[in-house]
1. Could you list all residues from the stretch 176-201 that are surrounded by 13 or more Cβ atoms within 10 Å (Cβ to Cβ) and either outside any helix (DSSP H, G or I) or at pLDDT 90 or above (or both)?
2. Given the conditions (1) closer than 17 Å to residue 27 by Cα; (2) at pLDDT 95 or above, and given that residue 157 satisfies all but one, which numbered condition is not satisfied?
3. Any residue in the stretch 132-144 that is closer than 17 Å to residue 179 by Cα, at pLDDT below 90 and loosely packed, with under 15 Cβ neighbours inside 10 Å?
4. Just for helices (runs of 4 or more DSSP H) wholly inside the stretch 68-175: which have at least 3 residues that are in contact (Cβ under 8 Å) with a residue 40 or more places away in the chain and farther than 22 Å from residue 16 by Cα?
5. Only one of (1) surrounded by fewer than 20 Cβ atoms within 10 Å (Cβ to Cβ); (2) in contact with a helix residue (DSSP H, G or I) (Cβ under 7 Å, 6 or more places away or on another chain); (3) under 26 Å from residue 146 (Cα atoms) is not met by residue 107, so which one is it?
């Protein structure tokens with residue numbers, strides 16, 4: 001499921017897992033990585049400029065002043081046995097070509113949804129479904145508001161029942177951690193199922 005060095009100071013090193021934090025433009029990916037990372041996150045943000053007028057859709061996110069142009073990177077230790085490396089993807093369509101490279105070696109993903117603009121993350125859902133990369137959906141309630149429940153979001157996005165949909169707040173470390181734990185639970189369940197299928201094949 002993951003890789004690690006055999007030992008660190010004579011003790012087993014934790015497994016490391018690469019996770020993508022993806023979604024449309026302005027859904028809160030950089031905020032989520034920064035909120036949950038135990039290290040100072042690496043960010044590749046640049047100010048929005050007049051060059052993006054007519055290209056970047058700022059409808060509903062007019063207050064946004066900067067954007068990720070390459071990736072965000074953070075790390076969180078979930079236990080002594082498991083460390084997650086988090087890679088936030090760029091949201092602007094002209095940078096989507098980088099997603100294929102970022103997806104190499106990733107075991108799973110969190111697709112963030114802006115509850116005000118769920119259609120902005122359709123492409124991210126399609127990306128992971130086509131590549132058979134397990135993911136969970138985090139519904140980021142801006143200003144702490146969640147006008148729709150998980151079942152309503154699932155129906156609007158035409159998601160299957162086995163895809164977890166969780167209400168979250170990208171500003172909250174605890175909330176983001178819960179989303180990541182839900183993803184790890186899904187990955188472990190998938191691995192157990194694959195192992196069972198291998199034994200019965």
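The values are calculated or read from the model by the stated rules, or taken from the named source; none is laboratory data. Here the structure is a predicted model, which means the values were calculated and not measured. For neighbour counting, all protein chains shown are included, and Cβ atoms are generated from backbone atoms with ideal geometry for every residue, glycine included.
1. Listed by number, the residues that qualify are 176, 177, 178, 179, 180, 181, 182, 183, 184, 186, 187.
2. Condition (2) is where residue 157 drops out.
3. Our first condition is that a residue be closer than 17 Å to residue 179 by Cα; within the stretch 132-144, this holds for 133-142, 144.
Next, only the ones that are at pLDDT below 90 stay: 141-142, 144.
Okay, now just the ones that are also loosely packed, with under 15 Cβ neighbours inside 10 Å, so 144.
Yes.
4. 122-130
5. (3)
Residue-wise test of (1) within 12 Å of the chain's Cα centre (by Cα); (2) under 18 Å from residue 24 (Cα atoms).
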{"site": "79", "(1), (2)": "no, no"}
{"site": "85", "(1), (2)": "yes, no"}
{"site": "91", "(1), (2)": "yes, yes"}
{"site": "103", "(1), (2)": "yes, yes"}
{"site": "106", "(1), (2)": "yes, no"}
{"site": "117", "(1), (2)": "no, yes"}
{"site": "124", "(1), (2)": "yes, yes"}
{"site": "129", "(1), (2)": "no, yes"}
{"site": "148", "(1), (2)": "no, no"}
